[in-house]
Amino acid sequence: MPELDNSPTPSESPDSIPVTLVAGYLGAGKTTWLNAHLRDGVAPDTLVLVNDFGTINVDAELIDYAGERLLQLSSGCLCCSLSDELGTQLSRIGRWPEPPAALIIETSGVARPQRIADMIRVARRFRLERIVTLVDLASLARRLNDSRVGELVAGQIASAGQLSLNRGDELKVIERDDLMRRLRSLNAMAHVEHADSGDVRSPKPATSRLLTLRSATDEHDPDWQRFAIELPASLNRQTLESLLAEHTEGLARAKGFIQADGRYYVFQWSGRHVEWTPTSPRPGASQLVGIGFAGESLDALIAALKALD
Ligand SMILES: Nc1nc2c(ncn2[C@@H]2O[C@H](COP(=O)(O)OP(=O)(O)OP(=O)(O)O)[C@@H](O)[C@H]2O)c(=O)[nH]1
């Protein structure tokens, strides 16, 4: 079991910039939660940093918080690759003549919040205020039982000072109760809120004790592979959905700005959930970005997507 460490960070000082980390597995609802949180109101001059897995940062475009107060981390985080860029960004932001009042970081769904928390602990001028981990209850059992990502998802949950749960309404009461027990066994201390896409409320300020974990003995990251593919404007929605449904084994998440059936959409695919949200026309070709597990199944999907015409 990892050790709990609640000691104050070395960089903590009264005027340090509080940081909120928004974590959770791919498609768990981080961007949706963040938008609701921003809509509810945050301190003026709050800076939002977004790290998405793809080469186009879909999340950054979907966040209702435009302008200079939104920064994208462009490395397309594959866990450790985030560290360098985040460290550089933090020291830059810390040197701004007018630093932000607060910082919110939306991590990518494959990130380990604890690694990012460790970076913040040693960054000058910043202090980690809380880690909010989003949990999609409807897919949680599958994720935890998946040998490729179970440990990653469990770690994201264990790191949280606050767990924001959604899609519980898709489960039977008995399933939900069982999941709540599993969550509590992973993290007995976190403040828990039940959110829903239509009713996501901002959490209470960090009343919960912030837990941090030390010692990452058995962390192992899956062999992630990302892709970005241009799709033809003649695309049919059903064609894309069927294609993805045939290759769920290797695919973890896909999303993009897509023209299909003569209209423009924000497309979201996260396992069993598919969403087409109409949007205004965008210049350029349709772009689908995805991430999955390197191997035959993902290769076959990528080949099939490239063959679409
Ligand atoms: N039913 C339901 N759907 C949700 C909820 N929150 C998010 N979704 C949907 O789940 C999908 C993924 O949501 P996002 O907020 O983009 O998830 P994310 O964690 O930011 O995804 P990545 O950054 O790509 O890992 C979208 O289709 C959302 O509309 C919720 O509370 N309830």
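The values are calculated or read from the model by the stated rules, or taken from the named source; none is laboratory data. Since this is a predicted model, take the numbers as computed values, not measurements. FYI the Cβ positions are ideal-geometry reconstructions off the backbone, even for glycines, and counts take in every protein chain you see.
Please specify each residue of region 271-307 satisfying the condition of being without any contact (Cβ under 8 Å) to a residue 24 or more places away in the chain and among the polar types (S, T, N, Q).
T277, T279, S280
Would you confirm whether or not region 213-236 contains a residue that is in contact with a Ser or Thr (Cβ under 7 Å, 6 or more places away or on another chain) and modelled with pLDDT under 85?
Yes, some residue in region 213-236 is in contact with a Ser or Thr (Cβ under 7 Å, 6 or more places away or on another chain) and modelled with pLDDT under 85.
Quick check on my filter: what residues within region 75-114 are modelled with pLDDT of 85 or more and assigned to a loop (DSSP other than H, G, I, E, B)?
W96, P97, E98, P99, P100, A101, T107, S108, G109, V110, A111, R112 - these are the residues of region 75-114 that are modelled with pLDDT of 85 or more and assigned to a loop (DSSP other than H, G, I, E, B).
Within region 226-266, track down each residue that is small (G, A, S) and crowded, with 18+ Cβ neighbours inside 10 Å. Working first, answer last.
Filtering region 226-266 down to residues small (G, A, S) leaves 228, 233-234, 242, 245, 250, 252, 254, 256, 260, 262.
Answer for region 226-266, where residues must be small (G, A, S) and crowded, with 18+ Cβ neighbours inside 10 Å: G250, A252, A254, G256, A260.
Which pairs do you get when a residue that is within 10 Å of I105 (Cα to Cα) and more than 8 Å from the ligand (Cβ to nearest atom), found in region 18-40, comes within reach of a residue that is of a type in the set (F, W, Y) and at pLDDT 90 or above, reach meaning Cβ atoms under 6 angstrom, with the pair 6+ apart or on two chains?
V19/F126
May I ask you to list the residues in region 296-309 that are in contact with a strand residue (DSSP E or B) (Cβ under 8 Å, 6 or more places away or on another chain) and surrounded by 14 or more Cβ atoms within 10 Å (Cβ to Cβ)? Spell out the reasoning first.
Looking only at region 296-309, we keep the residues that are in contact with a strand residue (DSSP E or B) (Cβ under 8 Å, 6 or more places away or on another chain), and these are 297-298, 301-302, 305-306, 308.
S297, L298, L301, I302, L305, L308 - these are the residues of region 296-309 that are in contact with a strand residue (DSSP E or B) (Cβ under 8 Å, 6 or more places away or on another chain) and surrounded by 14 or more Cβ atoms within 10 Å (Cβ to Cβ).
Identify, please: which residue in region 47-74 is more than 13 Å from the ligand (Cβ to nearest atom) and either modelled with pLDDT under 70 or in contact with a Pro (Cβ under 6 Å, 6 or more places away or on another chain) (or both) and is, among those, nearest to V132 (Cα to Cα)?
Result: L47.
Within region 138-166, restricting attention to residues that are part of a loop (DSSP other than H, G, I, E, B) and within 21 Å of L21 (Cα to Cα), which residue is farthest from the ligand (Cβ to nearest atom)?
For region 138-166, the residue satisfying everything is G161.
Spot the failing condition for H273; the list is (1) at pLDDT 95 or above; (2) within 16 Å of the ligand (Cβ to nearest atom), and only one is missed.
Only one criterion is unmet by H273, namely (1).
Note down all Cβ pairs under 6 Å where the first residue falls in region 259-270 and is under 16 Å from D309 (Cβ atoms), the second is part of a strand (DSSP E or B) and more than 11 Å from the ligand (Cβ to nearest atom), and they're at least six residues apart or on different chains.
Q259/S286
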